[in-house]
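K.L.:
What follows is a structure written as structure tokens; I'll ask about it next.
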């Protein structure tokens, strides 16, 4: 296996949790809700995902546990921001702090345990093609799932009526309410979808990336996913490009250290955020009007009845 | 759908919609109290009342947005309970909102689709949209995003969206507030056509002349109750206003001995680049305003009035200091505070957030504009007694009603807060007052107080620049009126010569003077 092939495989693996979490957050934000708790939902997803897989011996059950944990975390967020109209930024930050603590508690008995990683696809013939075979036909199920998810989200947002209504709720909640749409219900589903994706993204780490659980193993990936949504200017297509780009940066950072390149690793880890800032500037210069971000993003909505 | 009249319309015995004792309570506050109205097909029914009279609450109940606390609605004689707007729409009730219920970042077609129930494909819907807009003479491009469109075009989307449902009953909430007189006339043609097709229209407006022209019946609300139902054509605007207010409105009177003095505010060839993509470029604006004079600026919102205000107040600076001259001093490069020190005062359009800080007390808000040119600050310390005194004086002089001596700005009603803001500036005895939309969204009583205060200030020798969408207001208090269109300011007309037709043409972008100017050049 060549070095390039190895690097590409590593990039795909590092990018997949980013893509999963960012896809969920994109849907959440498109409905007008800013959930900064992605990191917290991910880490709880990682702990529960590992726990489920270790106890049952099944990666699928582990993944389902991760999803369920993410949804439960997002329901706390939904209760606070949608039900009680609490500030979304503060609640999201609190959710992350809660998640980090909670995952330590849940995961404490699993620390030091080991499971077998999710199997990789193997199609005789295809997977054996040199160079591209392993890359295209030899990934684990999560990689394919994440790409299918992005495609599904794109189709949902732009080709279905429900997607149109979700975008409408994120653009102007007062108008959506006036037309008779239940803004809070739409947003609740969007937040839950975001939680499910974040939980799955978290579970990916112990199930397919490293076969054990350590506290804090998400290591800021939730924040990168948040930056990624902005980087993609809330468009699903760009999310894929951004996720692989950000994944590549993290892998390059490791290799750069190995090769003794004189770039400080801190600078490399700051690159995704720097790129996001630059993209934001470019977007605001390029647009002649309208807004790229969902116009109601981060605002609390209380319907009058 | 449009080639035939709506099905099942009969002008039989039962009204299309009847409300019986309709009541809506918010806590202990009665927004609507036992309201009975009947709306018949082939009728334009006006709903009149001041702000807070309960008009919006009533139409929200009819559109299913809120549930009445008591009473009932009958649709074609049968009891109707609405679960929400989509049920109202399916029965044939359509609504055109005052503050448009549009989505800026979605296309026209997507906006229309959101107002329908999604039973037809997007493609069929788009085709029907083009057909409806053509049939009614309301042209729209389905693929444009809303933020690119003018106010008039946005309203067309709302109307077409309502018409796409082939409604039997159409509610319009102050549809002409944002239109030029000509655009309003075009709307009336559409409304009369809808009426002739057998539909019923419930029409909310503040503009009484318009109601007299257009409507067959008027129901007047005051303080949440129905005052009367009458034929507006048989009433005068004054008698309708009396019913709305529940008493005589104080007549605004121009003081007799008003004389114009020296030029106080001169603008010479002011041009300003827009600072963000949504704003308008100011082009070569010039006028001269003398002490004792009130100049009105008319125009459809968004034609550069906000930008002109920003340039005059110093929120944005002009490149050349001499383009703005306040009381003989070149001021184009001066900050707001420096301009205030020259004797200028400014009242922006938006009361909360621009005119005042909503969560600050009135005394603190008084300090924010008064700190430079009054005794409110001594050696860097705030003189609280002086700020409170300003609040008290404004309260007394301008009849500001509030719950306590020094409440937060946001707790005042719109009219009372506006009286406070105008009072705060007038009490500083400015020589130049620039005021934007002085009575926007203010009830008739408070509006009269504010207009009288402006006239009195002019009589005291100050120069006033008043921007307003309300042509009647400008006719009432100004000496000359100029019109803003696409960042240009027209030559001011004497108010006596400024007919609605002339102003309307200018607001729509035609240049009255062009022919005369051409003649002058030719001669």
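The values are calculated or read from the model by the stated rules, or taken from the named source; none is laboratory data. No experiment lies behind these values; they were computed from the predicted model shown. Positions of Cβ are backbone-derived with ideal geometry, glycine not excepted, and every protein chain shown enters the neighbour counts.
K.L.:
With respect to the numbered conditions (1) away from chain A (no Cβ under 12 Å); (2) out of contact with any helix residue (DSSP H, G or I) (no Cβ under 6 Å at 6 or more places or on another chain), which one is the sole condition not fulfilled by residue B:120?
P.N.:
So the condition that residue B:120 fails would be (1).
K.L.:
When you look at residue A:32, is it free of Cβ contacts under 8 Å to residues at least 60 places away in the same chain and at positive phi, yes or no?
P.N.:
On the way: free of Cβ contacts under 8 Å to residues at least 60 places away in the same chain: no; at positive phi: yes.
No.
K.L.:
Step by step: first the residues of segment A:160-175, then only those that are within 17 Å of residue B:109 (Cβ to Cβ) and facing another protein chain (nearest Cβ under 8 Å), then the one that is surrounded by the most Cβ atoms within 10 Å (Cβ to Cβ). Which residue is that?
P.N.:
A:168
K.L.:
Which ones in segment A:145-159 are free of Cβ contacts under 8 Å to residues at least 40 places away in the same chain and either closer than 24 Å to residue A:300 by Cα or within 12 Å of another protein chain (Cβ to nearest Cβ) (or both)?
P.N.:
The answer is A:158, A:159.
K.L.:
Return yes or no: is residue A:71 surrounded by fewer than 23 Cβ atoms within 10 Å (Cβ to Cβ) and in a loop (DSSP other than H, G, I, E, B)?
P.N.:
Details: surrounded by fewer than 23 Cβ atoms within 10 Å (Cβ to Cβ): yes; in a loop (DSSP other than H, G, I, E, B): no.
No: the conditions fail for residue A:71.
K.L.:
Can you find a residue that is modelled with pLDDT of 85 or more, in a strand (DSSP E or B), farther than 26 Å from residue B:420 by Cα and in contact with a helix residue (DSSP H, G or I) (Cβ under 6 Å, 6 or more places away or on another chain) anywhere in segment B:323-340?
P.N.:
Kept after step one, since they are modelled with pLDDT of 85 or more, are these residues of segment B:323-340: B:323-340.
Cutting the leftovers down to in a strand (DSSP E or B) gives us B:324-326, B:329-330.
Narrowing further to those that are farther than 26 Å from residue B:420 by Cα: B:324-325, B:329-330.
Okay, now just the ones that are also in contact with a helix residue (DSSP H, G or I) (Cβ under 6 Å, 6 or more places away or on another chain), so B:330.
For segment B:323-340, residues modelled with pLDDT of 85 or more, in a strand (DSSP E or B), farther than 26 Å from residue B:420 by Cα and in contact with a helix residue (DSSP H, G or I) (Cβ under 6 Å, 6 or more places away or on another chain): present.
Okay, residues lined up against (1) within 14 Å of another protein chain (Cβ to nearest Cβ); (2) assigned to a strand (DSSP E or B); (3) surrounded by fewer than 20 Cβ atoms within 10 Å (Cβ to Cβ):
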{"site": "B:213", "(1), (2), (3)": "no, no, yes"}
{"site": "B:228", "(1), (2), (3)": "no, yes, yes"}
{"site": "B:233", "(1), (2), (3)": "no, no, yes"}
{"site": "B:243", "(1), (2), (3)": "no, no, yes"}
{"site": "B:248", "(1), (2), (3)": "no, no, yes"}
{"site": "B:280", "(1), (2), (3)": "yes, no, yes"}
{"site": "B:300", "(1), (2), (3)": "no, no, no"}
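K.L.:
So, in segment B:103-116, of the ones that are modelled with pLDDT under 90 and within 15 Å of residue B:85 (Cβ to Cβ), which residue ends up nearest to the other protein chains (Cβ to nearest Cβ)? First the steps, then the outcome.
P.N.:
Taking segment B:103-116 as the starting set, the residues that turn out to be modelled with pLDDT under 90 are B:104-105, B:115-116.
Subsequent filtering for residues that are within 15 Å of residue B:85 (Cβ to Cβ) retains B:115-116.
Values: B:115: 6, B:116: 10 Å.
Among those that are modelled with pLDDT under 90 and within 15 Å of residue B:85 (Cβ to Cβ), it is B:115.
K.L.:
Tell me the helices (runs of 4 or more DSSP H) entirely within segment A:195-305 that contain at least 3 residues that are exposed (fewer than 15 other Cβ atoms within 10 Å of the Cβ). Working first, answer last.
P.N.:
On the way: elements: A:221-231, A:236-259, A:265-286.
Counting at least 3 such residues, we get A:236-259, A:265-286.
K.L.:
Report every pair of residues separated by at least 6 positions or lying on different chains whose Cβ atoms are under 8 Å apart, first residue within segment A:216-243 and without any contact (Cβ under 8 Å) to a residue 24 or more places away in the chain, second assigned to a loop (DSSP other than H, G, I, E, B).
P.N.:
A:238/A:232; A:241/A:232
K.L.:
Sticking with this one: As an exercise: evaluate residue B:274 against (1) touching a residue at least 12 places away in the same chain (Cβ under 8 Å); (2) on the phi > 0 side of the Ramachandran plot and give the number of the one condition it does not meet.
P.N.:
Going through (1) touching a residue at least 12 places away in the same chain (Cβ under 8 Å); (2) on the phi > 0 side of the Ramachandran plot one by one, residue B:274 breaks only (2).
K.L.:
Report yes if some residue within segment B:125-135 is at pLDDT below 90, out of contact with any strand residue (DSSP E or B) (no Cβ under 6 Å at 6 or more places or on another chain) and outside any helix (DSSP H, G or I); otherwise report no.
P.N.:
No, the conditions are met nowhere in segment B:125-135.
K.L.:
Please state which of the following conditions residue B:93 fails to meet, knowing it meets all the rest: (1) crowded, with 21+ Cβ neighbours inside 10 Å; (2) free of Cβ contacts under 8 Å to residues at least 40 places away in the same chain; (3) in contact with a strand residue (DSSP E or B) (Cβ under 6 Å, 6 or more places away or on another chain).
P.N.:
(2)
K.L.:
Here is a further query. Given (1) in a helix (DSSP H, G or I); (2) modelled with pLDDT of 95 or more; (3) surrounded by fewer than 23 Cβ atoms within 10 Å (Cβ to Cβ), where does residue A:34 come up short, assuming only one miss?
P.N.:
Exception for residue A:34: condition (1).
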